[in-house]
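One structure is given here, and the rest of the page talks about it.
The values are calculated or read from the model by the stated rules, or taken from the named source; none is laboratory data. Keep in mind the model is a prediction, meaning the values are calculated, not measured. We place every Cβ from the backbone using ideal geometry, glycine too, and count neighbours over all the protein chains shown. In case anyone asks, the SASA skips ligands and DNA or RNA and just uses the protein heavy atoms, side chains included. Shrake-Rupley method; radii C 1.70, N 1.55, O 1.52, S 1.80 Å.
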Amino acid sequence: MGTVKLYYSAKNTSELLFKKNILGLMSAFPGKITCRFHVTQQRSQICKELQPHVTEGRISEKDLQKHVSKDTLWYICGPPPMIESISKLLSNIGVPRSSVFFEKWW
């Protein structure tokens, strides 16, 4: 099994769907499945269970740069402006378009 690095962004932790399932997978497959939750408008305190996995602010070029390799495939899911933004970040750090996958479904 390869590795999965998930970057998941939402306004706040209450909007992070499936967070308990994702934390469970991270526990079941340590080092194989990891996740960074990014929140952009968090107003309340982040629960202790999530704190080690949460970054406040948008997903950045610096966050993604750490995982660039010739074997990395990138799957983007979200609203069209977010897909465009992340696609541009990936292009800026040299990820070939053939390694980036998404579907604009609205």
Rounded to whole angstroms and listed largest first, the alpha-carbon spread of the chain along its three principal axes comes to 38, 32, 26
Build a GNM of the chain with springs between Cα atoms under 10 Å: which of 94, 78, 57 gets the top mean-square fluctuation? 94
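Counting only heavy atoms of the protein chains, get the accessible area per residue of region 1-64 (1.4 Å probe) and round it to a whole Å² value.
68 Å²
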Rounding to the nearest 10 and keeping the result within 0 to 90°, find how far the Cα-based axis of helix 80-92 lies from the longest principal axis of the chain. 60 degrees
Hey, rough spin-label estimate for residue 73 and residue 91, points 7 angstrom out along Cα→Cβ, what's it come to in nanometres? 2.2 nm
So what is the relative contact order for the chain, in percent, with contacts set as C-alpha pairs under 8 Å and at least six apart? 22 percent
Taking the chain and counting helices only, DSSP H stretches of n ≥ 4 at -39,500 (n - 2.57) each over all residues, the nearest-500 ellipticity at 222 nm comes to -7500 deg cm²/dmol
In square angstrom, rounded to the nearest 10, how much accessible surface does residue 84 have for a 1.4 Å probe? 90 Å²
Residue 9 accessible area, nearest 10 Å², 1.4 Å probe? 50 Å²
Where both partners of a DSSP beta bridge lie in the chain, what percent of those bridges are antiparallel, to the nearest 5? 0 percent
Between the Cα axis of helix 19-28 and the main Cα principal axis of the chain, the angle (0 to 90°, nearest 10) is 80 degrees
